[in-house]
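Derivation of every value follows stated rules applied to the coordinates shown; laboratory data play no part. Treat the numbers as computed from the prediction; the structure is a model and nothing was measured. Positions of Cβ are generated from backbone atoms using ideal geometry, with glycine treated the same way; all protein chains shown enter the neighbour counts.
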Amino acid sequence: MNNTREVEVVVIGAGQAGLAAAYHLRRTGFEPERDFVVLDHSPGPGGAWQFRWPSLTYGKVHGMHALPGMELTGADPARPSAEVVSGYFATYERTFGLRVLRPVDVRAVREGTDGRLLVETSAGSWSTRALINATGTWDRPFWPRYPGQETFRGRQLHTAQYAGPEEFAGRRVIVVGGGASGTQHLLEIAPYAAATTWVTRRPPVFREGPFDEEAGRAAVALVEERVRQGLPPKSVVSVTGLPLNDAIRAGLESGVLDRRPMFDRVTPEGVEWNDGRRVTADVILWATGFRAAIDHLRPLRLREPGGGIRVEGTRAVADPRVHLVGYGPSASTIGANRAGRAAVRDIRRLLAEEEPVAA
């Protein structure tokens, strides 16, 4: 029995980018369930925010922008960001009647019939004329590989598994990674740990002064150029540098943020460099970022030789039916909002061009 349902647009993912796209679909006349469907594999609203560690309070979040059409007001900065944002997303879905289907795992998107795409999921299949992919990165934590990694006798974990600093009490901890997560982990863990060591591939860049609109545009342009060339995108944060706020200044002064270059190998007891330096550790915490969760698009063969998907605006150059939001330059929360609007505008144009002309 064929249980494939037909819609005009499928949105995969109900994080910031997916909800922004769904809002603009609804606002421009598409009806949920009849014209479009939003599929989300998470257990509840909140996108990746629902999985953030409890000690990441809302007041520590950098640059959380409201979803289109509804501000996030009155949030307690001391509450965990996971609770604040999940509650906000849940209210947003109800307010605009977006009817997200969850938990639904999208297994593959492939060529269908009559010029449509076929979206195969754990809840059946959808045939669609256009696709908005908003799957983000949280499901694909990046673990670098170093010689001897498998011999380490201590514990290794990734930011995606971090639950807070208390579990590191009395431990010697190496934190790998020069981004915002790495510095946040170090500053939280240091008061509990027996010792901390910070290791990064490149010297960290600290940004003084306000991050204004001009600087934001310049950062987005750098990421945009990569996806235009079909290279794997870097995050916008990776090209902006770390904000030199009071917490970072205190960490630099205390020595907690005393950065060491990347080690050459992992040993059973810790890590070592080719010049003979060693650090003994009980834990290696890999704050090494995430990659785009796009494996389900593999049947469409969108990837370029450089490893990424070449994108113009939000449209996949290799297939105009596919739009990627929250990818590359639109991975920030403000970028996701703009990308959702842009994707819907282009899809409306595409669908209008495909409408049969009356005799």
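Computed from the C-beta positions of Thr28 and Glu111 and an R0 of 35 Å, the FRET efficiency is 0.85 to the nearest 0.05. Less than 20 Å from a label point 7 Å out along the Cα-to-Cβ axis of Thr4: which backbone N atoms in region 294-310 qualify, by residue? Once the point is set 7 Å along Cα→Cβ of Thr4, 296-302 turn out to lie under 20 Å by backbone N, inside region 294-310. When peptides 283-296, 125-138 are sorted by average Cβ neighbour count within 10 Å, with the highest value leading, the order is 125-138, 283-296.
For the peptides 114-121, 179-186, what is the packing order when you average, over each peptide's residues, the other Cβ atoms within 10 Å and list the highest mean first? Show your work: numbers first, answer last.
Working: 114-121: 17.1, 179-186: 23.1.
Per-residue mean Cβ counts within 10 Å order the peptides as 179-186, 114-121.
Positive end of the dipole of the chain, charges at C-beta (+1 Lys, Arg; -1 Asp, Glu), about the Cα centre: which of Tyr88, Phe30, Asn133 has its Cα farthest in that direction? Of the candidates, Asn133 comes out farthest on the positive side. Against the main long axis of the alpha-carbon atoms of the chain, helix 213-228 sits at an angle near 70°.
By the helix-only formula, in which each DSSP H run with n ≥ 4 contributes -39500 (n - 2.57) and the sum is divided by residues, the chain has a 222 nm mean residue ellipticity of -8000 deg cm²/dmol.
Kindly give Rg over Rh for the chain, based on alpha-carbon atoms, with the Kirkwood expression for the hydrodynamic radius.
Working: Rg = 21.9 Å, Rh = 21.8 Å.
My calculation of the ratio gives 1.00.
As I understand it, the value is the acute angle between the Cα axis of helix 333-354 and the longest principal axis of the Cα atoms of the chain; what does it come to in degrees, rounded to 10? Compared with the principal axis, the helix lies near 20 degrees. Using the average count of surrounding beta-carbon atoms within 10 Å as a protection proxy, the listed peptides 259-265, 9-15, 144-150 rank, highest first, as 9-15, 259-265, 144-150.
Please find the FRET efficiency linking Ala90 to Glu150, where r is the Cβ-Cβ separation and R0 is fixed at 56 Å, and quote it to the nearest 0.05.
Working: r = 41 Å, r/R0 = 0.74.
Using R0 = 56 Å, I get an efficiency of 0.85.
Once the Cα atoms of helix 81-95 and of the chain are each reduced to a long axis, what angle between those two axes, in degrees from 0 to 90 to the nearest 10, is obtained? Its long axis makes an angle of about 10 degrees.
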